[in-house]
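J.: I'd like to ask you about the structure that follows.
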Amino acid sequence: MDLVQWFVAPLQHEFMLKAILVSALVGIVCSALSCYTILKGWALMGDAVSHAVMPGVVIAYVLNIPLAVGAFVFGVGSVMAIGFIKAKTRVKEDTVIGLVFTGFFALGLVLVSKVRSSIDLTHILFGNVLGISDADIVQTVIISGITLVTLAILRKDLILFCFDSTHARSIGLNITFLYYVLLSLLSLTAVAGLQTVGIILVVAMLVTPGATAFLLSDRFDQMMLIAMVTGVFSSVIGTYISYHIDGSTGGCIVVLQTLLFVMAMIFAPKHGLLVRARTSQALNKTVV
Amino acid sequence: MDGISIQIENVTVAYHGKVALHSASLNLKAGTICGLVGMNGAGKSTLFKAMMGFVKPVSGSILINGLPIRRVQKSSLVAYVPQSEDVDWNFPVSVYDVVMMGRYGYMNLLRMPRSLDRRIVRESLERVDLWQLRDRQIGELSGGQKKRAFFARALAQQGTVLLLDEPFAGVDIKTEKLMIDLLIELRQAGQTILISTHDLASITTFCDQVVLINRSILAYGDTSEVFTEENLSRTFGGFVGELPLAKRRLTQGSMSPDQEQP
Ligand SMILES: Nc1ncnc2c1ncn2[C@@H]1O[C@H](COP(=O)(O)OP(=O)(O)OP(=O)(O)O)[C@@H](O)[C@H]1O
Ligand SMILES: [Mg+2]
């Protein structure tokens with residue numbers, strides 16, 4: 001059957017097998033974190049961090065150390081810079097975020113252009129999961145492991161931190177610690193996401209699955225599950241599609257994610273547009 | 001503990017250099033209900049925040065059960081219900097989940113509830129009459145029901161000290177009565193309760209002690225001695241003196257704006 005062939009044929013290539021496994025893993029990890037990102041209201045922060053890791057990535061290439069290390073330093077560094085500037089000046093937070101991440105990103109661009117021979121800029125910007133190296137796979141697996149284990153252990157503490165940090169403090173939780181944990185995970189997963197969809201689209205991986213799931217559920221655990229399912233689905237199918245149409249992998253993944261979001265927005269059983277329209281119609285009738 | 005549960009000495013709190021509370025001193029006996037009374041902007045919430053360590057006093061010391069606040073918080077002994085909850089009402093948690101958060105301090109690292117925790121959460125929800133609504137998403141409650149949910153969370157925490165910042169604001173008379181009855185039960189169980197309120201009429205019915213506050217502590221002690229017309233008129237700048245105390249309710253809404261502190 002054609003459909004079976006559509007799924008099976010690409011797997012004959014080793015690179016496709018690797019790509020699908022890696023993007024599935026990245027899909028799971030980013031989706032899990034996306035639930036916290038959107039509930040904490042950190043979408044812009046995610047965008048900032050993922051752009052700000054750029055110089056770190058380039059420096060890591062040059063020094064021949066793991067990309068994740070360089071990215072992590074600059075990711076966390078950018079957030080600290082944002083916090084510092086916000087506290088010391090009268091400029092509003094969103095301005096500071098916009099200012100800092102473009103500054104870091106620009107620095108990254110300059111660095112890339114000076115060491116061009118060894119790095120392909122388009123791979124950093126748009127991802128290159130079809131050509132992922134074994135070293136990068138190992139790194140993605142490690143990052144995913146750290147992130148998933150941390151989220152599993154601190155799940156409830158992080159929920160409380162996002163929902164009601166006053167109460168978290170009043171029962172003695174260390175919210176500064178939780179803040180930096182969440183932030184570090186954001187930087188780490190930005191690196192993982194960068195491998196598949198590239199710096200520019202990473203924020204979609206860190207936001208969209210969570211947002212879709214948020215429309216579909218009022219329970220955190222359910223929301224997490226839905227986010228992960230939609231995330232993995234988009235990553236895997238997106239990779240297949242990009243193979244068959246010979247198009248951008250990151251682009252295909254994110255387009256799929258966005259489509260799922262739009263469907264949830266329209267058809268969600270409780271918070272969807274259709275249901276809302278129907279209930280307000282029913283209400284209007286009873287009023288008349 | 002020598003019978004003193006809350007010990008505040010010479011605490012001064014300032015926001016951006018402006019003093020909101022000036023050298024407040026206060027000793028409260030364990031196992032009592034203490035009413036905190038003062039007009040808008042008098043520094044009631046500020047006192048609570050200082051006690052919780054959320055604002056750092058410029059000077060002075062605060063001890064709860066003889067220990068600094070950080071130590072007490074680690075063992076979940078102080079439950080605090082702020083004047084208004086600063087939470088995301090669309091957050092995907094149920095009423096039950098929220099009350100369960102009061103138990104986190106007693107749980108292991110993974111915060112897995114034991115059957116004891118579940119029993120206490122159920123009891124707390126039943127006591128505030130919200131057990132039927134336990135599966136609602138937290139934002140789907142009315143304003144007064146939300147207040148009750150967070151009150152239930154404080155009950156579930158089973159601390160020895162309970163700090164309530166205007167728990168009666170926006171709740172109906174029946175709920176207020178229910179909460180007062182619960183507070184009296186908690187006092188019998190040995191809890192120390194500090195509660196700010198603008199409902200002066202009910203103070204004499206359940207508060208053993210009263211603290212009068214206006215940027216500084218004006219007076220504190222047994223209700224019968226401190227809750228006098230003269231003291232109240234000092235607290236409210238002469239405003240209460242004209243009212244028949246036991247009958248009129250003084251709420252935020254009934255206060256004219258020029259009575260408020262800047
Ligand atoms: N975060 C803040 N920043 C600056 N000033 C503040 C802040 N919070 C309170 N204040 C000021 O401190 C003073 C005391 O405020 P507080 O909130 O303690 O009053 P309150 O007694 O709780 O009043 P209410 O009855 O209205 O709740 C007020 O003058 C207020 O304007
Ligand atoms: Mg107040």
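The values are calculated or read from the model by the stated rules, or taken from the named source; none is laboratory data. What you see is a predicted model, and the numbers here were worked out from it, not measured in a lab. Cβ sites come from the backbone with ideal geometry, for glycine too, and all protein chains shown count toward neighbours. Just the protein is used for accessible areas: all its heavy atoms, side chains included, with ligands, DNA and RNA removed. Shrake-Rupley method; radii C 1.70, N 1.55, O 1.52, S 1.80 Å.
J.: Mind checking A:171-179 for the average number of partner chain beta-carbons within 10 Å of each residue's beta-carbon?
T.: Details: counts 16, 12, 4, 1, 0, 0, 0, 0, 0.
Per residue, the number of nearby Cβ atoms from other chains is 4 on average.
J.: Determine how large the accessible area of A:Ile175 is when every protein chain is in place; take a 1.4 Å probe and give Å² rounded to the nearest 10.
T.: Only protein atoms counted, so the area is about 40 Å².
J.: Still on this model: What order do you get for B:24-31, A:190-197, B:76-83 when each peptide is scored by the mean count of other beta carbon atoms within 10 Å, highest first?
T.: Output ranking for B:24-31, A:190-197, B:76-83: A:190-197, B:76-83, B:24-31.
J.: Given H placed on each backbone N at 1.01 Å, which residues far from B:Ser5 in sequence or on other chains put an amide H within less than 5 Å of it?
T.: Amide H to amide H, under 5 Å and 5 or more residues apart or across chains, B:Ser5 pairs with B:Leu28, B:Lys29, B:Ala30.
J.: Enter the mean number of other protein chain beta carbons within 10 Å of the beta carbon of each residue in B:97-105, as an integer.
T.: That works out to 4 on average.
J.: Relative to the Cα centre, what is the charge dipole magnitude of the range B:107-226, using +1 at the beta carbon of each Lys and Arg, -1 at the beta carbon of each Asp and Glu, and rounding to the nearest 20 debye?
T.: 640
J.: Within the accessible area of the protein assembly as shown, what % is carbon and sulfur when the probe is 1.4 Å and the other protein chains stay in place?
T.: 61
J.: On the full set of protein chains, 1.4 Å probe, figure out the accessible area of B:Glu85 and give it in Å² to the nearest 10.
T.: Accessible surface of B:Glu85 is approximately 40 Å².
J.: Something else about it: Which of rounded, prolate, oblate describes the range A:3-283, given a ≥ b ≥ c as roots of the alpha-carbon gyration tensor eigenvalues and a/c under 1.5 marking rounded, otherwise prolate only if a/b is larger than b/c?
T.: The shape class here is oblate.
J.: By per-residue mean of other Cβ atoms within 10 Å, what is the highest-first order of B:181-192, A:229-240, A:160-171? Don't jump to the answer; show the numbers that get you there.
T.: Values: B:181-192: 15.3, A:229-240: 23.3, A:160-171: 21.8.
Output ranking for B:181-192, A:229-240, A:160-171: A:229-240, A:160-171, B:181-192.
J.: Separate question: Mind listing the long-range amide H neighbours of B:Ala20? Cut-off is under 5 Å, sequence gap 5 or more, other chains count too, H placed in the peptide plane at 1.01 Å from N.
T.: Hits under the 5 Å cutoff: B:Val13, B:Ala14, B:Tyr15.
J.: Run the quick spin-label model on B:Arg122 and B:Ile173: label points 7 Å from Cα toward the beta carbon, then report their separation in nm to one decimal.
T.: Placing both labels 7 Å beyond Cα along the Cβ direction yields 3.5 nm.
J.: What order do you get for B:59-68, A:45-54, B:156-165 when each peptide is scored by the mean count of other beta carbon atoms within 10 Å, highest first?
T.: Put in order of decreasing packing, that is A:45-54, B:156-165, B:59-68.
J.: What nm distance separates the two modelled labels at A:Ala106 and B:Arg215, each placed 7 Å from Cα along Cα→Cβ?
T.: Between A:Ala106 and B:Arg215, the simple spin-label model gives 4.9 nm.
J.: Something else: Other chains' Cβ within 10 Å of A:151-163 residues: what's the mean?
T.: Numbers: counts 0, 1, 3, 3, 2, 10, 4, 0, 6, 6, 0, 4, 10.
Across the residues of A:151-163, the mean count of other-chain Cβ atoms within 10 Å is 4.
J.: To make sure I understand the rule: partners must be aspartates and glutamates, Cα under 14 Å from the Cα of A:Lys18, and not fewer than 8 residues away in the same chain. Which ones qualify?
T.: A:Asp134, A:Asp136
J.: While we're looking at this one, here's another question. How big is the charge dipole of chain B about its Cα centre, in debye rounded to the nearest 20, if each Lys and Arg gets +1 on its Cβ and each Asp and Glu gets -1 on its Cβ?
T.: Result for chain B is approximately 820 debye, rounded to the nearest 20.
J.: What whole number of Å gives the distance from the Cα centroid of the range A:1-69 to the Cα centroid of the range B:82-154?
T.: 37
J.: Just want the answer: with Cβ charges of +1 for Lys and Arg and -1 for Asp and Glu, which residue in B:Leu21, B:Leu130, B:Val72 is farthest toward the dipole's positive end in the range B:1-140?
T.: Comparing the listed Cα positions along the dipole, B:Val72 ranks first.
J.: Does the protein assembly as shown classify as rounded, prolate or oblate by the C-alpha gyration tensor (a ≥ b ≥ c root eigenvalues; a/c under 1.5 gives rounded; else a/b over b/c gives prolate, otherwise oblate)?
T.: prolate
J.: Treating cross-link reach as a plain straight distance, find the lysines whose alpha-carbon is under 27 Å from the alpha-carbon of A:Lys88, omitting any fewer than eight places away in the same chain.
T.: A:Lys40, B:Lys18, B:Lys49, B:Lys56
J.: Using only the alpha-carbon atoms, how far is helix B:143-157 inclined from the longest principal axis of chain B? Give it as 0 to 90 degrees, nearest 10.
T.: The helix B:143-157 is inclined about 80 degrees to chain B.
J.: Under a Cβ-only charge scheme (Lys and Arg +1, Asp and Glu -1), can you give me the dipole magnitude of the range B:84-158 about the Cα centre, in debye to the nearest 20? Provide the component values of the computation, followed by the final result.
T.: Working: 13 positive and 10 negative charges, 61 e Å.
So the dipole magnitude of the range B:84-158 works out to roughly 300 debye.
J.: Can you find, among A:Asn284, B:Gly105, A:Met223, the residue farthest towards the positive end of the dipole of the protein assembly as shown? Put +1 on the C-beta of Lys and Arg, -1 on that of Asp and Glu.
T.: Of the candidates, B:Gly105 comes out farthest on the positive side.
J.: Tabulate in residue order the Karplus-calculated ³J(HN,Hα) for the range A:202-214, using 6.51 cos²θ - 1.76 cosθ + 1.60 with θ = phi - 60°, rounded to whole Hz; enter x for Gly and Pro.
T.: 3, 4, 4, 4, 8, 10, 4, x, x, 5, 4, 5, 4
J.: Of A:Met45, A:Ile199, A:Thr89, which is farthest towards the positive pole of the range A:3-283's charge dipole, taken about the Cα centre with +1 and -1 on the beta-carbons of Lys, Arg and Asp, Glu respectively?
T.: Highest projection toward the positive end goes to A:Thr89.
J.: Chains B and A: how much accessible area gets covered up at their contact, both sides added, probe 1.4 Å, in Å² to the nearest hundred?
T.: 2500
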